[in-house]
Amino acid sequence: MKLLFLSFLLLISCKPTPELSREAMGARLDKLELEVKSLKEIKWLVGKKLEAEVTQSLVMQVDLPSLDESQLKLLQEYSKSDSWIVRVILERGRERQDLGALYAPFHPKSHYARGSNSSSTPSTVAIRIFYAAAFASERFRAMKCPPFGHDKRVTDFQISGKTQPQSLILNLSRSYPEKVQLVDLTPSSFNGGHTLVGNYFFEIAGYDSRTKTIQSEFLRLPENVSIKSEESQSIPTCHDQIIELKN
C-alpha cells in the first residue's frame, strides 16, 4: 500500500517531458512547465557593534527547459540556438525596468555547469537581486555601516503565480545587443536599486551566443518573485553616518 501511494505521489509530481517539433521556419517546444523553484533572503549583520540585521540580497532558482541530448541536437539544427537566455524584469506599478540577462549554454564547460553534466544544458539558474548598497563589490558588503544609508530589511516576499504548460516557438534570428552574463557557479548578480519592492519576472528565449542573436520571442514564466514590503531597521552605531548621507 505504501509503495502504491509513493508511486502515486511521484506520478502527480512529475513534470511532462517537453515536446519538440519542427516548424516551417524553425522549431516549436510544447509542454514547458517552468518554475521559480526557491527563494531565500541573504541577511547582512551591520553596525559598528554588529547590532542589527538588514537584507543584503535575495537568491532564487529559476527553471530552464530540460531537454535530452537528441532534442538539443535537433533544436540546434532547426533554430541555430546553442543556449538559453534569461532576462530579469522588474515591475513597480506602471514602471518596467530590464535589470539584465544571463545565458546558459546547452553544453557548458564543467567548471561553470550548474545542475548538469557536460553533455546537457543546466536545469536551473541561480539569480541574486542585491540592494544597491551591496551590489558593487565585496568591499561594500564588508562594511559595518552600509553605503548609501542602507538600513532596509524585506518583510514580505514570496513566489507568486502558478506554473502551467507553455509553448515556445523558435523561428527568428534577431540581434540582442545588450550585455549578457554567462552562467557561473555563483548566482548571477543584478542590482535591484535602493528599494527591492516590486515584482520580478523571468523571461526565456533561445540564444545563439556566437552571433549574439535571440532565436525566439521571450517567453515569460508564469511564476514571479513578489517583494511586497520592506522596513527600515535601527542601526544606532551608524546613526550619524546615515543622517549625514540623507542630508
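Throughout, read-outs are computed from the coordinates displayed, never taken from laboratory work. All figures in this text were calculated on a predicted structure; none of them were measured in a lab. We place every Cβ from the backbone using ideal geometry, glycine too, and count neighbours over all the protein chains shown.
For the range 18-242, the Cα-based Rg and Dmax, in that order, read 19.3, 66 Å. Applying the criteria of a DSSP loop state and at most 15 other Cβ atoms within 10 Å to the trypsin sites (Lys or Arg not before Pro) of the range 79-109 yields 94, 109. Here each label is just a point 7 Å from Cα along the line to Cβ, and for residue 175 and residue 48 those points are 5.4 nm apart. The Cβ shell under 12 Å around residue 22 holds other residues with a net charge of -2, Lys and Arg each +1, Asp and Glu each -1.
For the chain, with a Gaussian network of springs between Cα atoms less than 10 Å apart, report the residue from 227, 85, 42 with the top mean-square fluctuation. The residue with the greatest mean-square fluctuation here is 42. Based on C-alpha pairs under 8 angstrom that are at least 6 apart in sequence, the range 18-242 has a relative contact order of 28 percent.
Given +1 on the Cβ of Lys and Arg, -1 on the Cβ of Asp and Glu, and no further charges, what dipole in debye does the chain carry about its Cα centre, rounded to the nearest 20?
260
Backbone amide hydrogens, once placed in the peptide plane, bring residue 35 within less than 5 Å of 63, excluding anything fewer than 5 places away on its chain. Taking K and R as +1 and D and E as -1, what net charge do the other residues with C-beta under 9 Å from the C-beta of residue 205 add up to? Result for the neighbourhood of residue 205: -1.
What is the total of Lys pairs in the range 129-247 with C-alpha atoms under 23 Å apart, excluding same-chain pairs fewer than 8 positions apart? Present the calculation step by step, with values, prior to reporting the outcome.
Details: 144/152; 144/246; 152/228; 152/246; 162/228; 179/212.
Total qualifying Lys-Lys pairs in the range 129-247 comes to 6.
With +1 on the Cβ of every Lys and Arg and -1 on the Cβ of every Asp and Glu, and nothing else charged, how large is the dipole of the range 58-196 about its Cα centre, in debye rounded to the nearest 20? Intermediate results must be reported in sequence, preceding the final value.
Values: 17 positive and 13 negative charges, 87 e Å.
Dipole magnitude for the range 58-196 comes out near 420 debye.
Legend: calculated FRET efficiency, residue 40 to residue 185, from the Cβ-Cβ distance at R0 = 22 Å, rounded to 0.05, equals 0.85.
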